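The values are calculated or read from the model by the stated rules, or taken from the named source; none is laboratory data. As the structure is a computational prediction, the values presented were derived from the model and not from experiment. Quick reminder, even Gly has a Cβ in these numbers, built from the backbone with ideal geometry, and neighbours come from all protein chains shown. What goes into the accessible areas is simple: the full protein's heavy atoms, side chains included, and nothing from ligands, DNA or RNA. Shrake-Rupley method; radii C 1.70, N 1.55, O 1.52, S 1.80 Å.
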Amino acid sequence: MNAWPPQPLIYEINAQVWLEELRQRHGDDLDLGTIPGESWDAIAELGVDAVWLMGVWQRSPAGRAVAMQNEALMAEFQRVLPDLEDVDILGSAYCVRQYIADDGLGGPQALARARRELARRNVRLVLDYVPNHVAPDHPWCVEHPEYFIEGTVEDLERDESAFLRVGDHVMACGRDPCFSPWQDVVQVNAFHKGLREAAIGAAIEIASQCDAMRCDMAMLVMNSIFTRTWGRQAGDMPDEDYWPQVIAAVKAVHPDVRFIAEAYWDLEADLQQQGFDYCYDKRLYDRLKYDSAESVRLHLLADLTYQSRLVRFVENHDEARAAAVFPRDKHEAVAIAALTLPGARLLHEGQFEGRAVRIPVFLRRRPTETVDGQIEAFYQELLESLAGEPFRRGQWELCSRSGWADNSSFANIVAWCWRHESECRLVVVNLSERRSQAAVRLPWRELAGRPWLLRDAFSDTAFDRQGDEMLDPGLFVDLEGWKYHLLEFSLI
């Protein structure tokens, strides 16, 4: 396959849900290895560089049983699927029994065939790795109980929500220190030497089946975070951190595999330094959702090398659907903003159609929803633009913008530009609900002394502008609330 582009486009698909819907059209015996070629073609035609098949590993019967006793979870399942049946509940995709492709998807051979079908279309495969916890019926629980944070019978009696009895042992449930424990999984001891060796073996095996690994809640096993979460229960902190050890060992065997961190708490730079190729940019998502345009602009002042290794998104399986969070006009504006920035871009299956129901990772199917034709047309246009070389391989630069003494609305506008050889693009977005104006300065000195045609990719609109004017005082823009320009430059 071709080399990874500097700005790869990654497409997340819930493997179980997607396959269930394909089975409704092509028959119940369909698995990942027998998916019709036209379905793979449709994915490739989106222009994506990689597909993240979320939820391919063996689900846990023990974890499923725990989940079905959880009243809050069951209420959520019922809300999402009013006609819910027991067969719809598979157990969590992140309660992994073994890193072997689930029989319900066709098993390892079917997954390997799916990878080959993607590779034939120059699309890579991304799979999950869950470092922090495993299912209570994972083989390690019986074979190596010393790999886990253990508790006592007294701990279990005191707090049944935080501990599980696994065979003859009491083990801590997996947890994020900011939330209640996950009662269907058990917590590995990331400080244990044997556990790290076993984790390296598991990660190498995963890497043999894919081109990139999305590492769930990657910051939880960092030495500093793990100590803060588990204290003396974890024992002595190793001299070496978890990820440098694991990533180096995996890349020694599979040097081309990429590591993608699901990361929070402003630890993205730390995880990049520990070896991750890309880290989630949750901070950008939160700023687009809750904060001002100026907060977004300040976020984009970070070092470009750092930004180029972030994953930008407006939804994924952990977040509410963009169509449910944002009114349609804001949805378009934040998608333009997030997905035209440097770094990897993450798209979520169903996002293009305007699906609004977030599906719990425990379920095998989802409700029927009406396609939002306007959002679908918007994403089709956006994907066509993102396929161009400026957005895939170009050089990015944040543009300055200014206003006037009696008009401060320029602060609602953010702008940046891309250039690849002779191709130039300018993105301008009004990240507010009020009409705003600004003068956007372009950084390209060769604009000087020439007339230019600026064509908007999302409309039939075109503008004639002089290069000198765009350099100083800047290109004048006037945008209604949540509106945007994606401008292509050509000489007149």
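Okay, helix-only estimate at 222 nm for the chain: each DSSP H run of n ≥ 4 adds -39500 (n - 2.57), divide by all residues, round to 500 deg cm²/dmol; what do you get? The partial results should precede the final answer.
Working: 18 runs with 158 residues, N = 492.
Mean residue ellipticity at 222 nm (helix-derived): -9000 deg cm²/dmol.
Rounded to the nearest 20 debye, what is the charge dipole size of the chain about its Cα centre when +1 sits on each Lys and Arg Cβ and -1 on each Asp and Glu Cβ?
Numbers: 51 positive and 79 negative charges, 191 e Å.
For the chain, the charge dipole is close to 920 debye.
Which one, (i) 64, 62, 41; (ii) 79, 53, 42; (iii) 83, 62, 39, gives Cα extents along the principal axes in Å as derived from the coordinates shown?
Calculated Cα extents along the principal axes in Å: the matching label is (ii).
May I ask you to list the lysines whose Cα is less than 27 Å away from that of Lys289, ignoring any residue fewer than eight positions away on the same chain?
Straight-line reach from Lys289, under 27 Å: Lys330, Lys483.
In nm, what is the difference between 0.36 nm times the number of residues separating Arg434 and Ala324 and their Cα-Cα distance?
Working: separation 110, 0.36 × 110 = 39.60 nm, distance 2.15 nm.
The Arg434-Ala324 span can extend by a further 37.4 nm.
Relative contact order of the chain, please, whole-number percent, based on alpha carbon pairs below 8 angstrom and at least 6 residues apart. Can you show the working numbers first?
On the way: 976 pairs, mean separation 64.6, N = 492.
After rounding, I find 13 percent.
Using the Cβ atoms and a cut-off under 15 Å, what net charge is assigned to the surroundings of Asp239, where Lys and Arg are +1 and Asp and Glu are -1? Each step should come with its number before you reach the end.
Numbers: positive: Lys193, Arg196; negative: Asp236, Glu240, Asp241.
Surrounding charge for Asp239 is -1.
Label region 242-381 by shape, choosing from rounded, prolate and oblate, from the square roots a ≥ b ≥ c of the eigenvalues of the Cα gyration tensor; if a/c is under 1.5 it is rounded, and otherwise prolate applies when a/b is larger than b/c, oblate when it is not. Display every interim value, and only then the final one.
Details: a/c = 2.26, a/b = 1.44, b/c = 1.57.
The shape class here is oblate.
For Asp256 and Ser422, what is the calculated FRET efficiency with R₀ set at 30 Å and r taken between the beta-carbons, to the nearest 0.05? Kindly include the intermediate steps, with their values, before the conclusion.
Details: r = 31 Å, r/R0 = 1.04.
Between Asp256 and Ser422 the formula returns 0.45.
Given axes a ≥ b ≥ c from the Cα gyration tensor, I'd like to know whether region 361-458 is rounded (a/c under 1.5), prolate (a/b larger than b/c) or oblate.
Numbers: a/c = 2.57, a/b = 1.52, b/c = 1.69.
In terms of gyration-tensor shape, oblate.
Counting only DSSP beta bridges with both residues in the chain, what percent are antiparallel, rounded to the nearest 5? Can you show the working numbers first?
Working: 49 of 75 bridges.
Close to 65 percent.
For the chain, take the longest principal axis of its alpha carbons; what is the angle in degrees between that and the long axis of helix 71-80, to the nearest 10 within 0 to 90?
Helix 71-80 sits at roughly 40 degrees to that axis.
Can you give me the angle between helix 193-207 and the longest principal axis of the chain, using Cα atoms only, in degrees from 0 to 90, rounded to the nearest 10?
Once rounded, the angle reads 50 degrees.
Charges at C-beta only: +1 for Lys and Arg, -1 for Asp and Glu. How large is the resulting dipole of region 217-353 about its Cα centre, in Debye rounded to 20?
Working: 15 positive and 22 negative charges, 47 e Å.
Dipole size: approximately 220 debye.
What nm distance separates the two modelled labels at Arg232 and Ser400, each placed 7 Å from Cα along Cα→Cβ?
Taking the two extended label points, one gets 5.8 nm.
Heavy atoms of the protein only, probe of 1.4 Å, neighbouring chains included. What is the accessible area of Thr34 in Å², nearest 10?
80 Å²
Which length gain, in nm to one decimal place, applies between Gln109 and Ala356 when the Cα-Cα distance is subtracted from 0.36 nm times their residue separation?
Stretched fully, the Gln109-Ala356 segment lengthens by 85.5 nm.
Looking at the square roots a ≥ b ≥ c of the eigenvalues of the Cα gyration tensor of region 36-182, which shape do they give, rounded for a/c under 1.5, prolate if a/b is larger than b/c, or oblate?
Working: a/c = 2.53, a/b = 1.79, b/c = 1.41.
The shape class here is prolate.
What does the accessible area per residue of region 364-412 come to in Å², with a 1.4 Å probe and no ligands, DNA or RNA counted? Walk me through the numbers before you get to the answer.
Working: 2540 Å² over 49 residues.
On a per-residue basis, 52 Å².
What does the charge count near Ile375 come to, summing +1 for each Lys or Arg and -1 for each Asp or Glu among other residues with Cβ under 9 Å from its Cβ? Please report the intermediate quantities before stating the final value.
Numbers: positive: Arg328; negative: Glu332, Glu353, Asp372, Glu376.
Local charge sum for Ile375: -3.
Using a cut-off of 11 Å between beta-carbons, work out the net charge of the residues near Val221 (Lys and Arg +1, Asp and Glu -1, Val221 not included). Mind dumping the intermediate values first?
On the way: positive: Arg196; negative: Asp216, Asp241.
Residues close to Val221 contribute a combined charge of -1.
Determine the gain in length on full extension of the stretch Asp478-Trp444; use 0.36 nm per residue of separation and subtract their C-alpha separation, reporting nm with one decimal. Walk me through the numbers before you get to the answer.
Working: separation 34, 0.36 × 34 = 12.24 nm, distance 2.16 nm.
Separation in residues times 0.36 nm, less the Cα-Cα distance, equals 10.1 nm.
For region 24-67, which trypsin sites (Lys or Arg not before Pro) are both in a DSSP coil and crowded by at most 16 other Cβ atoms within 10 Å? Write out the running numbers ahead of the final one.
Details: sites: Arg25, Arg59, Arg64; in loops: none.
Sites meeting the loop and neighbour criteria: none at all.
Run the paramagnetic zone check for His144: 7 angstrom along Cα to Cβ, then residues of region 67-100 with backbone nitrogen under 18 Å.
Residues passing the 18 Å test: 96-100.
Rolling a 1.4 angstrom probe over the protein heavy atoms, how many square angstrom per residue are accessible across region 200-266?
Working: 2680 Å² over 67 residues.
Normalised by residue count, the accessible surface of region 200-266 is 40 Å².
Between helix 15-26 and the chain, what is the angle of the helix's C-alpha long axis to the longest principal axis, kept within 0 to 90° and rounded to the nearest 10?
Orientation of helix 15-26: about 80 degrees from the principal axis.
Out of Leu156, Cys95, Gln109, whose Cα points farthest toward the positive end of the dipole of region 43-195 (charges: +1 Lys, Arg; -1 Asp, Glu; placed on Cβ)?
Result: Gln109, furthest along the dipole toward the positive end.
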